Amino acid sequence: MGWLAAIALLHPAILLRRRERRAHLSVGLAALAVTFAGALGVAIYGGYREKLRQPIFKQAAWVGYAFERKEHLAFGVVMLSWAGALAYLAASFTHGETRASLRRAAHWSFVIAAVVAVVTATLGTIVAAYKTF
């Protein structure tokens, strides 16, 4: 799901390069996909903590630390995607330079979220390849 969320973030990042382009569906679906991926991560965290965390840290601490960093990065991706979505929404209620600034902020929020999401998904793949439920 993390890879799907990362891919979903690329679409609004590309579409919003042109400030006048409408991207309602792209922005909404990307934010939804990222939020869903984050919610799934929160849902499985208890099982990870109880069953896998200690054995992973004992066998390969670097993998455990990679998972911990992945969690923090994933939270950042969710926040950036929501910041982008809210900036995009707010831009539709403004005009002139304020609108252009909000659209630019939305674009860069999605670009940065997409890059961080790829890093997060890569870390998640490494951890899952090492040990899973």
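The values are calculated or read from the model by the stated rules, or taken from the named source; none is laboratory data. Quick caveat: nothing in here was measured; it's all calculated off a predicted structure. Note: ideal-geometry Cβ built from the backbone for every residue, glycine included; neighbour counts use all protein chains shown. Note: areas computed on protein heavy atoms with side chains; ligands, DNA, RNA excluded. Shrake-Rupley method; radii C 1.70, N 1.55, O 1.52, S 1.80 Å.
Data for the structure
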read-out: Solvent-accessible area per residue, Å², over the chain with all protein chains present [probe radius 1.4 Å]; value: 59 Å²
read-out: Solvent-accessible area, 1.4 Å probe, carbon plus sulfur percent, for the range 1-132; value: 70 percent
read-out: Given charges at beta-carbon only (K, R positive; D, E negative), |dipole| of the chain in Debye; value: 180 debye
read-out: The range 1-131: relative contact order in percent, alpha carbon pairs under 8 Å with at least 6 residues between; value: 39 percent
read-out: Accessible area, probe 1.4 Å, largest first, for residues THR98, THR120; value: THR98, THR120
read-out: Over the chain: helical MRE at 222 nm, DSSP H runs n ≥ 4 each giving -39500 (n - 2.57), nearest 500; value: -29000 deg cm²/dmol
read-out: Span-like helix ranges in the chain, DSSP H, alpha carbon extent 15 angstrom or more, Kyte mean at least 1.0; value: 2-15, 24-47
read-out: 10 Å Cβ shell holding at most 14 others, DSSP loop, trypsin sites (Lys or Arg not before Pro): longest site-free stretch of the chain; value: 23-133
